[in-house]
Amino acid sequence: MWKQAIDEAVSRVKVNIGRYKGQFPHVGIDGGDYQLTHNTDWTEGFWSGLLWLSYEYTGDEAYKKAAVGTVESFRNRLEKNINLDHHDIGFLYSLSSKAQWIIEQDESARQLTLQAADVLLKRWRPEAKLIQAWGPQGDPVNGGRIIIDCLMNLPLLYWAYEQTGDPKYKEVAALHAEKSRRFLVRGDDSSYHTFYFDPANGNAIRGGTAQGYEDGSTWTRGQAWGIYGFALSYRYTNNVKFLEASRRLARYFYEQLPRDRVAYWDFSAPVNAETKRDSSASAIAAAGTLELMEHLESSHPDYGYFAGQVTQSMRSLVENYSTGSDPQPQGLLKRGSYSVRGGASPDDHVIWGDYYYLEALLRMEKGLKGYWYEK
Ligand code: GLY
């Protein structure tokens, strides 16, 4: 079953190369085609990642040619400093230039990725000891704000440490991960999307949300970013607190799922016939749980539970949420949500959902693990 789903996915990616003509898919509009960008948002790395995954799976040079083209676009973006003053540099460059380095051992791609790591490092705020997610330094609202999504940006810094031996990259990443663990993960294993600190001294202020149902709710995609992000911080640091955080978040995630094993957009949102899903949250959680399981002994009491949950979620995504063999849609997954709260693409394709869906399928079928770390 996974093989057929992968074959359908990579076929659609190939058709989309011709449809996008060098632009980048972002989120679907009104249940239809993707809005395309000129590499100016936080999401463009996912299209690169889809191309690199498709190339690794098929060996077809058409994917590689398109993927290399995206890396050139990322080089231009860095040279011209186009919308890079945010923390999502890890999403952008891990799946584009870092992927090219991992697959091709291309030195210029490695150098570009190291430059990107330095851009991300500029978001570190030493007084508060955190990576500021959004807005300029000194921003009155966001100056001391972290968000759980940032855990997926940290691998770029850990990787830069491995490449250069300069400890500053790893220290910053590990300190940020620990702050995220202490303040974003709650006692019942749910999570805040964001947390505010005093930018002058790092004193904790309060938890909150940006895309979730309410400040104290658990935005399902945030919980999924945490599952995967803490597992990756464990891989790079061997700090068992990160592994435990990932495991706890994963248990909570699967214990809250509805009958069809695919998440609604927020675990605290009232459920009725109108409640939106976020298929991307389940795709991220599946890929992240497969990473988590890499670090658990198969005799661990949760190992079999997680294996079963990932299989059930992925089966439901394939059978109930994928676009399958229908030739028309651009996206791989239906029923993702960008921001239900903000009314932005609440029931649409979202490009990160497509990326993690294919990554999870390829982890299960082929042992390909994406580009968050070198094997
Ligand atoms: N990282 C932004 C989002 O998940 O919507």
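The values are calculated or read from the model by the stated rules, or taken from the named source; none is laboratory data. Worth saying up front: this structure is predicted, and the values here are computed from it rather than measured. Heads up, the Cβs are rebuilt from the backbone with ideal geometry, glycines too, and the neighbour counts pull from every protein chain shown. Surface accessibility is based on the protein's heavy atoms, side chains included, excluding ligands, DNA and RNA. Shrake-Rupley method; radii C 1.70, N 1.55, O 1.52, S 1.80 Å.
Each residue, Asp166 and Ser298, gets one label point 7 Å from its Cα in the Cβ direction; the gap between the two is 4.2 nm. Adding -39500 (n - 2.57) for every DSSP H run of four residues or longer, then dividing by how many residues the chain holds, sets the calculated 222 nm ellipticity at -16500 deg cm²/dmol.
Computed from the C-beta positions of Glu72 and Gln328, the FRET efficiency with R₀ = 25 Å rounds to 0.25.
Computed from the Kirkwood radius of its Cα pairs, the Stokes-Einstein diffusion coefficient for the range 209-261 at 10 °C and 1.306 mPa s stands at 135 µm²/s. A cut-off under 11 angstrom between Cβ atoms defines the neighbours of Arg315, and their net charge, with Lys, Arg +1 and Asp, Glu -1, is -1. Where does the range 27-69 land on the Kirkwood hydrodynamic radius, alpha-carbon pairs, in angstrom? Taking every pair of different Cα atoms in the range 27-69, averaging 1/r and inverting gives 11.4 Å. Across the range 274-289, coupling constants 3J(HN,Hα) worked out from phi with the 6.51/-1.76/1.60 Karplus curve, θ = phi - 60°, read 8, 5, 7, 8, 9, 4, 5, 4, 5, 5, 5, 4, 5, 4, x, 5 Hz, and Gly and Pro carry x. Near Arg110, once Lys and Arg are set to +1 and Asp and Glu to -1 for all other residues with Cβ below 12 Å from its Cβ, the sum equals -4. Sequence-ordered 3J(HN,Hα) estimates for the range 339-347 from the Karplus curve with 6.51, -1.76 and 1.60 and θ = phi - 60° stand at 8, 5, 4, x, x, 9, 6, x, 8 Hz, glycine and proline given as x. With 22 Å as the limit, the listed pairs Lys21/Lys65; Lys64/Lys334; Lys122/Lys170; Lys64/Lys170 have Lys64/Lys334; Lys64/Lys170 beyond it between alpha carbons.
Projected label points at Lys375 and Glu127, each 7 Å from Cα along the beta carbon direction, are separated by 4.7 nanometres. Amide H contacts of Leu130: Arg125, each under 5 Å away and 5 or more positions distant or on a separate chain (H built 1.01 Å from N in the peptide plane; Pro and chain starts excluded). With a 1.4 Å probe and all protein chains left in place, how much of the accessible area of the chain comes from carbon and sulfur atoms, in whole percent? Carbon and sulfur atoms account for 46 percent of the accessible area of the chain. For the range 293-365, the Kirkwood radius over C-alpha pairs fed into Stokes-Einstein at 10 °C and 1.306 mPa s yields D = 114 µm² per second. Computed with a 1.4 Å probe over protein heavy atoms only, the accessible surface of the chain comes to 37 Å² per residue. Annotation for the range 298-324 versus the range 122-201: alpha-carbon center distance of 30 Å.
Our estimate of slack between Leu175 and Gln4, defined as 0.36 nm per intervening residue step minus the Cα-Cα distance, is 57.4 nm.
Counted by Cβ distance under 15 Å from Leu51, the other residues give a net charge of -2, where Lys and Arg count +1 and Asp and Glu count -1. Think of each Lys and Arg Cβ as +1 and each Asp and Glu Cβ as -1; about the Cα centre, that makes the dipole of the chain roughly 340 debye. Here r is the Cβ-Cβ distance between Asp60 and Gln312 and R0 is 35 Å; the resulting FRET efficiency, rounded to 0.05, is 0.65. Using the empirical formula 2.2 N^0.38 Å as the baseline, the Cα radius of gyration of the range 41-190 reaches a ratio of 1.08. Checking every one of the GluC sites (Glu not before Pro) in the range 244-332 against DSSP loop status and a limit of 10 other Cβ atoms within 10 Å picks out Glu274, Glu297.
Against the empirical 2.2 N^0.38 Å (N residues), the range 1-126 has a Cα radius of gyration ratio of 1.08. Remark on the chain: Rg and Dmax equal 18.9, 54 Å (Cα only). Considering only alpha-carbon pairs that sit under 8 angstrom and 6 or more positions apart, the relative contact order computed for the chain is 18 percent.
The label-point distance for Lys80 and Lys21, in a model that sets each label 7 Å from Cα toward Cβ, rounds to 1.8 nm.
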